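The structure under discussion appears below in the form of structure tokens.
The values are calculated or read from the model by the stated rules, or taken from the named source; none is laboratory data. The structure presented is a predicted model; accordingly, all values stated were derived computationally and were not measured. Cβ sites come from the backbone with ideal geometry, for glycine too, and all protein chains shown count toward neighbours.
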Amino acid sequence: MFHVIVIVMSLVMTLSAWQFSKRQLETRTSARFDVEREQVIALITARMLKYEDALWAGVSAIESHGADITFREWRAFASTLRIDEKYPGISGIGVIHYVTDNTLSDYMAKMQWERPPFNIHPAHGQPFYIPISFIEPEGPNSKAVGLDVAFEKNRREGALAARDSGEARITGPIYLVQNAAHTPGFLFYAPFYRGKAPTTLEERRDRIAGAVYAPFVTRKLVEGLLAKDLRGVHFSIMDAGETIYDEHATDDLLNDPDPMYRETVSIDVYGRTWALDLRTNLAFREANTYAQPTFILIGGLLIEGLIIALLVMMARANGRAVAYADKMTVALREESEKLTVANSALSSKNEELEQFAYVTSHDLKTPIRGIGGLTEMLQDDLQDYLASADANPDVNMNIQRIKDRVDRMHQLTGGIMEFSRVGRFGDSDAPVSLTEVVEAMRMDFGLTVEQLRLEGTIPTIYIDTFSFRRVIENLIGNAIKYHDDPQNLAIDVVAQSTQAGVTVAITDNGPGIDPKYHGKIFDMFQTLRGGRGPESTGIGLAIVKKAVERHGGRIAVTSSPGTGATFTFDWPMKAADGSSASVGEAA
């Protein structure tokens, strides 16, 4: 009954930790989406403010010339802005004038004198004219020169809104005449007036002289913000129900047909309301998909299964031992020699059973008792308390102890599972060269070419390449892990092709290994870690030895204290018949 209660309580705690971990991960992922959303809105707002500053700079330049700037003066001003460098996304910057029937002839005379032939187009039925007088750079925007923005509703309403408010305003969705791709865009206006600054609507309408404006293709504006492959969200922009920008194309490699988060946000942009449809993409999903809750659940259930299996096996073994002992007692009267052999076998069985019970109890059952604290979320919940002056330091220390035991459990069970899987991959991997493996190790461990060098013939491996990579990784990882001076680390990988395959030697300049331990280090659960040395499960080199020996090779170490260590092993490059071999054939 005691064992049943322990198992039930442990199972309940495992399920609770799993659910709590899931909720915490969902909360953190939602917060990351909020950050991504606010970043997009902030980037759009900041970029539009920057463009507004450029427009008001143009207004200041015009007002410094008495609200009557010439074409050459405007070109000189526009060149100082360096639009291509400082304002990505903007198509140009220009000047429009507000013209009535009374001022039309003077305006045309002046413009045709400066830039013949100049004409206003197209014709329309409005009682006023709002022609584009200048725009720089003029080359790609030449079709816009002389265009009367009063001819079209969105252009006209934006210009009049800027005039009446005295503030910068944008238009509704339009298609720029100079944009051959015919993609949605808008115009950005900043008005300027004759005489002193007007203070009323009537004064603004009476004194309006014109506006500095900039044409935008929305796609180019967004491209200047942040490349979409660097963002975790894609978005579209709608203005008055019309889509002016869209990143939700189904053929986009990062498009997520079922986004983790989706939200529509409305923002006010210079007199217009933009609706942003934000959706997370596949990059966001990949960066925010964690298997931690699943690992907690699987690990907890696996350990529960091991405990139950251990209890059942011990009970059955005990029953078998008693029955066998009774049988041997009866046989003692008949054959004393057989009794001796039987007793010896029974002793051996009991010794194996005791060794199994010891290993299982010591390396699996003990970490299980730490499952009660199997959540680092507890530490997150107690952050405020632990940071306070009244916090008991033992609390944080005990939490860390629990975490250490859990880490130990994962490392140990993972190592045991990997040990049992050695050699099961067969010919499933593609051929790989030792050069590729070493280059991958440099990247994985953050080493330089001087710290990890490759010498000798560079063979291509065809047999069980997964295990081959794991052998190299384990040996290089150990050299790094146990080195007492990482800054001066030096590892040499030397390969030599042989008739049977390849011989690889990995040499480091670490602290070395006493010869009396050379045989011990390849045994399961054996480690030479000192009191302050790095944590180790003692399985890594056992995995290496098993992988090498399954392919008919051998591994040996040459080392002494203070002289570094050299691990040398053999590996077949191809099967004897020229085809890939299975694990059983290689072994």
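A single member of TRP18, TRP74 is part of a helix (DSSP H, G or I), modelled with pLDDT under 85 and not assigned by TED's automatic domain parsing to the domain that holds ASP381, and it is TRP18.
Kindly indicate the residue of segment 203-247 that is free of Cβ contacts under 8 Å to residues at least 12 places away in the same chain and outside any helix (DSSP H, G or I) and also farthest from GLN39 (Cα to Cα) among those meeting that condition.
Pass one, segment 203-247, residues free of Cβ contacts under 8 Å to residues at least 12 places away in the same chain: 203, 206, 227, 230, 241, 246.
Filter once more, so that each one left must be outside any helix (DSSP H, G or I): 227, 241, 246.
Values: ALA227: 13, GLY241: 24, ASP246: 18 Å.
Per the stated criteria, the residue is GLY241.
Only one entry of ILE472, ILE539, ILE543, ILE463 meets the criterion of being out of contact with any Cys (no Cβ under 6 Å at 6 or more places or on another chain), in the same structural domain as LEU434 (by TED's automatic domain parsing), modelled with pLDDT of 85 or more and of a type outside the set (D, E, K, R), and that entry is ILE472.
Residue check: is PHE33 touching a residue at least 12 places away in the same chain (Cβ under 8 Å) and within 31 Å of the chain's Cα centre (by Cα)? Yes, satisfied. Can we say LYS220 is basic (Lys, Arg) and more than 38 Å from the chain's Cα centre (by Cα)? No: the conditions fail for LYS220.
So if I check each of ASP256, ASP252, which one is part of a loop (DSSP other than H, G, I, E, B), closer than 26 Å to MET48 by Cβ and within 19 Å of the chain's Cα centre (by Cα)? Steps first, answer last, please.
Numbers: ASP256 fails: closer than 26 Å to MET48 by Cβ.
Exactly one of ASP256, ASP252 is part of a loop (DSSP other than H, G, I, E, B), closer than 26 Å to MET48 by Cβ and within 19 Å of the chain's Cα centre (by Cα), namely ASP252.
Screening segment 154-172 for residues that are surrounded by fewer than 19 Cβ atoms within 10 Å (Cβ to Cβ), in contact (Cβ under 8 Å) with a residue 24 or more places away in the chain and not small (Gly, Ala, Ser) and picking the one that is nearest to THR243 (Cα to Cα) gives ARG156. Residues of segment 1-56 that are touching a Pro at 6+ places or on another chain (Cβ under 8 Å) and among the basic types (Lys, Arg): LYS22 alone. Within segment 449-496, the residues that satisfy the criterion of being assigned to a strand (DSSP E or B) and of a type outside the set (Val, Ile, Thr) are LEU452, ARG453, LEU454, GLU455, GLY456, ASP492, ALA495, GLN496.
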